1. So if the hydrodynamic radius of segment 125-169 is defined as the Kirkwood radius over C-alpha pairs, what does Stokes-Einstein give as its diffusion coefficient at 37 °C and 0.692 mPa s, in µm² per second?
2. Within the chain, what's the longest stretch lacking trypsin sites (Lys or Arg not before Pro) that sit in DSSP loops with no more than 13 other Cβ atoms inside 10 Å?
3. Which entries of LYS144/LYS170; LYS144/LYS184; LYS64/LYS174 have Cα-Cα distances beyond 30 Å here?
4. What are the semi-axes of the equivalent ellipsoid of the chain, taken as the square roots of 5 times the eigenvalues of the Cα gyration tensor, listed largest first and rounded to whole Å?
5. Classify segment 92-174 as rounded, prolate or oblate from the Cα gyration tensor: take a ≥ b ≥ c as the square roots of its eigenvalues, call it rounded if a/c is under 1.5, otherwise prolate when a/b beats b/c and oblate if not.
Amino acid sequence: MSKLNIGKNVFSQPMPLALLGTHNEGKPNFMALGWFTRVNNNPPLFAVAVNKAHQTNVSIRTNKTFTINFPTEDMIIETDYCGIVSAKRMDKSKIFDVFYGELENAPLITKCPLSIECKLHDIMEFPTNDLFIGEVVAAYSDEKYLTDNIPDLKKINPVVFTMPNNNYFKIGEKVGDAWSDGRKFEVDQ
Ligand SMILES: Cc1cc2nc3c(=O)[nH]c(=O)nc-3n(C[C@H](O)[C@H](O)[C@H](O)COP(=O)(O)O)c2cc1C
């Protein structure tokens with residue numbers, strides 16, 4: 001067998017890059033986020049994994065709300081800064097222009113092509129990180145990022161990243177149609 005066992009510290013390749021928004025002492029705070037995914041169809045639920053040491057962990061527990069914002073390529077420097085510096089040390093409230101949707105204490109980033117606001121549904125505790133499950137209350141975009149009222153990846157130009165080598169990438173070309181290409185599969189009898 002030519003396969004190598006590469007150990008346990010492994011990650012999805014790639015991960016979408018997001019900014020997790022909360023309120024800390026009445027002000028917006030954002031941390032870079034890679035460990036998150038949609039986990040339920042109806043109601044729509046997202047799970048975000050946040051280290052116990054982060055201010056964001058305390059803020060979600062306090063306010064019971066959070067937002068997930070998808071930055072564009074030209075926001076990498078600010079986004080990475082939010083992944084290096086904690087609100088416990090620096091005020092990050094002025095980095096982005098924000099707006100508010102239906103929830104209190106849930107800042108959304110104006111410049112992001114897609115932002116989702118969630119109310120806390122559940123918490124699962126793990127040794128280093130806690131999984132916060134949030135129910136989607138609303139999602140926001142701009143006309144220029146939509147096709148037929150649906151977020152269009154080509155127009156959004158999101159950033160993905162890889163761990164453990166810590167690289168940012170942009171998305172490539174469309175290569176297929178989901179829930180459709182599989183119909184072409186023919187099983188050899
Ligand atoms: C690209 C990137 C992705 C990250 N993803 C996560 C993550 O999914 N979960 C997490 O707990 N920390 C993650 N971090 C680290 C936090 O964003 C970072 O520790 C941040 O300073 C915490 O801010 P806070 O203390 O203000 O909440 C990531 C950092 C980077 C650079």
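1. Numbers: Rh = 14.0 Å.
Taking Rh from Cα pairs, D becomes 235 µm²/s.
2. In the chain, the maximal stretch lacking such sites is 95-173.
3. Over 30 Å Cα-Cα: LYS144/LYS184; LYS64/LYS174.
4. 29, 21, 18
5. oblate
Each value in this text was obtained by applying a stated rule to the coordinates, not by laboratory testing. From a predicted model like this one, the values you see are computed outputs, not experimental measurements. We place every Cβ from the backbone using ideal geometry, glycine too, and count neighbours over all the protein chains shown.
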